[in-house]
Structures are given as C-alpha cells and as structure tokens.
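Following: one structure in structure tokens, then a few remarks.
The values are calculated or read from the model by the stated rules, or taken from the named source; none is laboratory data. None of these values were measured; they are calculated from a predicted model. Here Cβ is always computed from backbone atoms with ideal geometry, including for glycine, and neighbour counts include all displayed protein chains. Please note that ligands, DNA and RNA were not included when accessible areas were found on the heavy atoms of the full protein model with its side chains. Shrake-Rupley method; radii C 1.70, N 1.55, O 1.52, S 1.80 Å.
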Amino acid sequence: MSLTSAATLATLDRTGPRRITDLAVTEGVTQPAMTVLVRVMEKDGLVERRGDPSDKRVTLVCLTEAGASYVRARRQAGAQAFARLIDKVSHEEAEALVAALPALLHLATLDGQDQEGPKQ
C-alpha cells in the first residue's frame, strides 16, 4: 500500500467521512489522483462512497470496517516497533523520551488544525 493510501485511511479514521476534494488537499495530491486512489481503495473494500445527508449532491468517502481494521493494525505494528526500539535505548535516553511526551502530545493536537498553519 502506498504512503498516500495509508495516510488517507488514517485521515478518514481520525476525521470521519470526507469529500474527495478535501482528502486531496489534506494529502497534498490532485483531485484526479485522489479519485483514482479512492477507486482503488474502494475496490479493495477499504473505503466506500456514501451520499452526504446534509447535501444530496455531495458524495463522501467513508472508511469501511476493513479499512478501520487496517488502520488499527498499522498503528499497533508501529507501536510495537517503537516499543522494541525503546527497549534498546539507555535509561537516560528513555527518560528523555518520557520528558518529550508532553511536546509530542501537543504536536498531535496540532495535526487537526487548519491546513494553512497556526493562527497568529
């Protein structure tokens, strides 16, 4: 699976159903490229298209249970990989990582902010 596909699935998992145009902007690709990507992921059973209840002219891309399961499995694999690596660092390095957690958590909250950057 491409990085863009995995990132798109993670975005849908984090933010819920989205328009193709919104996904294209978020993932930094063109709308035609996102349309092709969604078509492939739809064929693979990872996403599906549904009508927007608030605007019948709009189609939203939604994560399927298979797509959500894939995202969970990737996150779990990533967490396990980090745990294995953390077990190999010194006690001092592990303490430095723990001390960095508040800043890392703050970074995670910034992920959902406006794509134009932080507000001044």
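Whenever a residue of region 96-111 is outside any helix (DSSP H, G or I), it has no partner that is open to solvent by less than 90 Å² (accessible area, probe 1.4 Å) and modelled with pLDDT of 90 or more lying with C-beta atoms less than 6 angstrom away and at least six residues away or across chains. Contact map, region 62-91: residues that are free of Cβ contacts under 8 Å to residues at least 40 places away in the same chain paired with residues that are in a strand (DSSP E or B), Cβ distance under 7 Å, separation 6+ or inter-chain. Pairs shown: 64/47; 64/48.
If the condition is being part of a helix (DSSP H, G or I) and loosely packed, with under 11 Cβ neighbours inside 10 Å, then region 83-92 contributes 83, 84, 85, 91, 92.
The residue that is surrounded by the fewest Cβ atoms within 10 Å (Cβ to Cβ), counting only those in region 41-59 that are within 17 Å of the chain's Cα centre (by Cα) and in a helix (DSSP H, G or I), is 42. Among residues of region 60-77 being part of a helix (DSSP H, G or I) and open to solvent by less than 30 Å² (accessible area, probe 1.4 Å), the one that is nearest to residue 40 (Cα to Cα) is 67.
Residues that are open to solvent by 70 Å² or more (accessible area, probe 1.4 Å) and either more than 15 Å from residue 47 (Cα to Cα) or outside any helix (DSSP H, G or I) (or both) within region 1-37 comprise 1, 3, 17, 19, 25, 30, 31, 32, listed in sequence order. Within region 96-118, is even one residue farther than 23 Å from residue 9 by Cβ and either in contact with a strand residue (DSSP E or B) (Cβ under 8 Å, 6 or more places away or on another chain) or among the β-branched types (Val, Ile, Thr) (or both)? Yes.
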